[in-house]
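The values are calculated or read from the model by the stated rules, or taken from the named source; none is laboratory data. No experiment lies behind these values; they were computed from the predicted model shown. Glycine gets a Cβ as well: all are built from the backbone with ideal geometry, and neighbour counts include every protein chain shown.
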Amino acid sequence: MKRIFLALTFIFAFSVSIMASDFNGKLKSGKATIELNQNDIYVKGNIMIGGETYKLDGKIDQSTAHMVVLDGEKQVANIQLTENANGQYEMKTVNTSSDYSFPKQLSFSKGE
């Protein structure tokens, strides 16, 4: 019984460490700025790119934030934001509305 309890404790601690990515604050790239607010597994924020501001809304799965990019109520794109081992963030555009030109990939670092 003690071994089962220790195994469950280890599994729980490991799963919490996987969710340890920090999706709070400002991220900066040469082309864009992202501001995020993480609440448990949910994340909301804004992305400022090309003189436009879009809303972000999504969930965190392990160390990746899966977010919808919105222009008002219209969905512009789906993106994935992942924190790597160096504390840098990689944004990958999964799909984009045909009405918008959204970058396929950007790298970000924590900003002030």
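Odds and ends about this structure:
- The single residue among Ser29, Ser15 that is closer than 17 Å to Glu90 by Cα and either modelled with pLDDT under 95 or loosely packed, with under 14 Cβ neighbours inside 10 Å (or both) turns out to be Ser29.
- Every condition in (1) more than 18 Å from Leu106 (Cβ to Cβ); (2) in a loop (DSSP other than H, G, I, E, B) holds for Gln38 except the one numbered (2).
- Whenever a residue of the range 52-66 is among the acidic types (Asp, Glu), its partners that are at pLDDT 95 or above and assigned to a strand (DSSP E or B), lying with C-beta atoms within less than 6 angstrom and at least six residues away or across chains, give the pairs Asp57/Lys44; Asp57/Val68.
- Filtering the range 74-88 for residues that are charged (D, E, K, R) and either modelled with pLDDT of 95 or more or touching a Gly at 6+ places or on another chain (Cβ under 8 Å) (or both) leaves an empty set.
- Scanning the range 56-69 for residues that are crowded, with 16+ Cβ neighbours inside 10 Å and in contact with a Phe, Trp or Tyr (Cβ under 8 Å, 6 or more places away or on another chain) gives Gly58, Ile60, Ala65, Val69.
- Output for the range 54-75, where each listed residue is among the charged types (D, E, K, R) and not in a strand (DSSP E or B): Glu73
- Test: residue in the range 25-40 that is among the basic types (Lys, Arg) and under 10 Å from the mean Cα position of the chain (by Cα): no
- Residue that is farthest from the chain's Cα centre (by Cα), among those in the range 76-106 that are surrounded by fewer than 14 Cβ atoms within 10 Å (Cβ to Cβ) and part of a strand (DSSP E or B): Asn95
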